[in-house]
Amino acid sequence: MVIAIIAILAGLLLPVLSKAKARAYTVVCLNNMKQLQLAWHMYAEDHDDWVSPNYPGLGNGKFPEAASWVAGTMSYETLHETWPSFVDYSDSTNTLLLIPGGYGSIGQYTRSPGMYKCPADKSWTLIGGQRQARVRSVSMNAFMGEPEWYRIAYCYSKTSDLIDPGPANTFVFVDEHEDSILAGAFFVAGEASWSDTFWVSLPASRHSGAGIFSFSDGHAETKKWLDRRTRVPVKRLWRSVVEHDCPHNPDVLWVRDRATKHLNPEIPLAW
C-alpha cells in the first residue's frame, strides 16, 4: 500500500519537477543571451562603433580573412563521410575557440564559455569513441557584421546602422537548432514570401516549443513557435542548408522581419 502511494505521488511530482527544470533552463539561457549581447556592445564600443565580424563559412575566426565573433564549427561525427577533409570535429568540444576565441572574437568580453551554450542543449559528438558534449548552441544573425555579401537585404556594419526595424526589433543572437548549427552565422531567407516561406538555418525549439533571441537594444526574449514544422526533433544529422518544404509558415516571417530591414526590390534574388 505504501509503495503504491509513493508511486502515485512520484507520478504526480515528476511532471511538476520536469516543468520547473525546463523553466530554470529557460532563465539560464535568457541570461546567457543578455551577457553575450552585452559583450557584443562592448566590442563595438572599443572598435569605433563597428560591430564584431560574422564570417558565414567554415574556418570562422581561425584566419584574419575569416575574422568572426566566434571561432569553430559545431558538427557531429555522422558528417565524416560527407565532409572528411575540412571539418575539425574537435571544434565542437573546444572552449578555447570561445574564450579567448580567434580573430574578431568577442571572447575577451565574455566571462565564461558556458555563456555560449543553452543548458537544454544535450547534443554531443563522438570523439575517440567517447561522447563529448558540444560547447556552443548560439549563432549570430547573418545580416550582422558583414558587408552586403548576401545581396538580399541590408547588412548592419555599425550599431548606428540599426535604424530599421530598430534596435528593439533587430535580433543579434539566436539559440540555433542542434542539427542546424555549424559556423557562427544564422541565415534567414530575406526574400521569403508568405506563399514561399522556408528555413535556411533553423532556430531551436528546446524551451517547450520556443526559441530564444537577444536583440541589439540589449534585451532577450523567448518566441513560442506557432508552426509544428519549426519544432523539429533532433536527429544528430546536419539538416539541409535550405528547406523549401514549409510554405505559409508564420515563424519564418517573424524571424525574417527581425533579422534585417525590408527587402530591397532592386537587388536581384540570390536563390
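The values are calculated or read from the model by the stated rules, or taken from the named source; none is laboratory data. Note that the coordinates shown come from a computational prediction; the quantities given were computed from them, not determined experimentally. Using ideal geometry, Cβ is built from the backbone for each residue, glycine included, and neighbour counts are taken over all protein chains shown. Calculation scope for accessible area: heavy atoms of the full protein, side chains included, ligands and nucleic acids excluded. Shrake-Rupley method; radii C 1.70, N 1.55, O 1.52, S 1.80 Å.
The table below gives the values:
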| quantity | calculated |
| --- | --- |
| All positions within the range 90-128 that are under 24 Å from W238 (Cβ atoms), open to solvent by less than 50 Å² (accessible area, probe 1.4 Å) and among the β-branched types (V, I, T) | T93, T125 |
| Residue within the range 62-73 that is closer than 22 Å to A168 by Cα, modelled with pLDDT of 95 or more and crowded, with 16+ Cβ neighbours inside 10 Å present | yes |
| Single residue of the range 129-142 satisfying the filter (of a type outside the set (S, T, N, Q) and part of a loop (DSSP other than H, G, I, E, B)) that is farthest from R236 (Cα to Cα) | A142 |
| Of residues in the range 60-81 being assigned to a helix (DSSP H, G or I) and in contact with a helix residue (DSSP H, G or I) (Cβ under 9 Å, 6 or more places away or on another chain), the one nearest to S92 (Cα to Cα) | E77 |
| Residues of the range 181-198 satisfying the condition of being closer than 27 Å to V70 by Cα, assigned to a loop (DSSP other than H, G, I, E, B) and open to solvent by less than 10 Å² (accessible area, probe 1.4 Å) | I181, A183, G184, V188, A189, G190, F198 |
